[in-house]
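A.B. asks: Pasting in a structure now, in structure tokens, and then I'll have a few things to ask.
The values are calculated or read from the model by the stated rules, or taken from the named source; none is laboratory data. Here the structure is a predicted model, which means the values were calculated and not measured. Note that we place each Cβ from the backbone using ideal geometry, even for glycine, and neighbour counts take in every protein chain shown. SASA here: full protein model, heavy atoms, side chains in, ligands and nucleic acids out. Shrake-Rupley method; radii C 1.70, N 1.55, O 1.52, S 1.80 Å.
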Amino acid sequence: MKLIEVKGLVKTFVDGEKETRVLKGIDFSVEEGDFVAIMGRSGAGKSTFLYQMSLLDEPTAGEIVIFGKDTHNMSSEQKTVFRLNKLGYVFQDYALLPDLTAIENVAVPLMMQGLSKSSSYKKSQEVLNRVGLGHRLNNLPSQLSGGEQQRVSIARALGHSPKVLFADEPTANLDNDSSKKILELFEEVHAQGQTIIMVTHEEEYARKAKRVVKIDDGLIVEDKRQ
């Protein structure tokens, strides 16, 4: 079953009179249960591609259909609600709220979805246990290592059981040992049925995925399963 289908995707950035076309007409689809690694040199367009597919940015042209919904016809508010309820995000800078504890960071999006505080905290504790941080529930981000902060961000992304987990260079700021643990966690949740789309520049980590897509100069130049 196709969860995401992209047709003729174009993204152009305008700076004054200068226009830079980063994505040049990409056709692509993602099946349910895929674990896709998107690779490419710096500036090739891989993160831009991820941001369009995940509805964090607006394409210049083309079509993005997610779960059968044509996102071109969705309002900004509809996209926000859709992201909150259906998609999960992991960023290289963790994007945690510094004044909230680990469990609070995970619980906030759940409460925004309408869950009660008690239900949100119960679910947050469960998912933090799942990523190996059951002993760090009440720690602030500043009291956690980089690898632990990234695991909190993964717990937050997984808290509402998203249909697709998007990860943009999730190991970029981590040491080798922490990076391996994050990829092991991705393998584990993928084995449980989670669809994952991950941008990475590391060949070693891309090998953990089941499918590798390489982008160069705004186009897909390779798409293979492994």
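A.B. asks: Could you tell me whether segment 60-74 includes any residue that is touching a residue at least 40 places away in the same chain (Cβ under 8 Å) and open to solvent by 60 Å² or more (accessible area, probe 1.4 Å)?
C.D. replies: yes
A.B. asks: Here is a further query. Of all residues in segment 194-207, which are within 16 Å of the chain's Cα centre (by Cα) and of a type outside the set (Val, Ile, Thr)? Lay out the reasoning, then the answer.
C.D. replies: Quick first cut of segment 194-207, residues within 16 Å of the chain's Cα centre (by Cα) only: 194-201, 205-206.
If the condition is that a residue be within 16 Å of the chain's Cα centre (by Cα) and of a type outside the set (Val, Ile, Thr), then GLN194, MET198, HIS201, TYR205, ALA206 are the ones that fit.
A.B. asks: Could you go through segment 174-190 and let me know if any residue there is part of a strand (DSSP E or B) and farther than 23 Å from LEU144 by Cα.
C.D. replies: Filtering segment 174-190 for residues part of a strand (DSSP E or B) gives none.
No, the conditions are met nowhere in segment 174-190.
A.B. asks: Let me ask something additional. Could you tell me which residue of segment 127-144 is farthest from SER179 (Cα to Cα), considering only residues that are open to solvent by 50 Å² or more (accessible area, probe 1.4 Å) and either in contact with a strand residue (DSSP E or B) (Cβ under 9 Å, 6 or more places away or on another chain) or not in a helix (DSSP H, G or I) (or both)? Let's see the steps before the verdict.
C.D. replies: Of all residues in segment 127-144, those open to solvent by 50 Å² or more (accessible area, probe 1.4 Å) come to 129-130, 135-136, 138, 140, 142-143.
Then drop every residue that is not either in contact with a strand residue (DSSP E or B) (Cβ under 9 Å, 6 or more places away or on another chain) or not in a helix (DSSP H, G or I) (or both), which leaves 135-136, 138, 140.
On the way: HIS135: 20, ARG136: 19, ASN138: 23, LEU140: 21 Å.
Restricting to residues being open to solvent by 50 Å² or more (accessible area, probe 1.4 Å) and either in contact with a strand residue (DSSP E or B) (Cβ under 9 Å, 6 or more places away or on another chain) or not in a helix (DSSP H, G or I) (or both), the top hit is ASN138.
A.B. asks: Still on this structure, please answer the following. Would a scan of segment 112-126 turn up a residue that is farther than 20 Å from PHE186 by Cα, open to solvent by 30 Å² or more (accessible area, probe 1.4 Å) and touching a Lys or Arg at 6+ places or on another chain (Cβ under 8 Å)?
C.D. replies: Of segment 112-126, the ones farther than 20 Å from PHE186 by Cα are 112-122.
In the following step, the residues that additionally are open to solvent by 30 Å² or more (accessible area, probe 1.4 Å) were identified as 112-119, 121-122.
After this cut, where a residue has to be touching a Lys or Arg at 6+ places or on another chain (Cβ under 8 Å) as well, the list is 115.
For segment 112-126, residues farther than 20 Å from PHE186 by Cα, open to solvent by 30 Å² or more (accessible area, probe 1.4 Å) and touching a Lys or Arg at 6+ places or on another chain (Cβ under 8 Å): present.
A.B. asks: Moving to a separate point now. Filter segment 157-179 down to residues that are farther than 22 Å from GLY40 by Cβ and of a type outside the set (S, T, N, Q), then give me how many there are.
C.D. replies: 8
A.B. asks: Kindly establish whether SER161 is of a type in the set (S, T, N, Q), open to solvent by 50 Å² or more (accessible area, probe 1.4 Å) and at positive phi.
C.D. replies: Values: of a type in the set (S, T, N, Q): yes; open to solvent by 50 Å² or more (accessible area, probe 1.4 Å): yes; at positive phi: yes.
For SER161, the condition - of a type in the set (S, T, N, Q), open to solvent by 50 Å² or more (accessible area, probe 1.4 Å) and at positive phi - is met.
A.B. asks: Let me ask something else about it. I need every pair where a residue in segment 102-129 that is closer than 15 Å to ASN85 by Cβ has its Cβ under 7 Å from the Cβ of a residue that is in a helix (DSSP H, G or I) and not hydrophobic (A, V, I, L, M, F, W, C), sequence separation at least 6 or different chains.
C.D. replies: Final answer for the pair search is PRO109/ARG156; LEU110/SER120; LEU110/LYS123; LEU110/SER124; MET111/LYS117; MET111/SER120; GLN113/ASN85.
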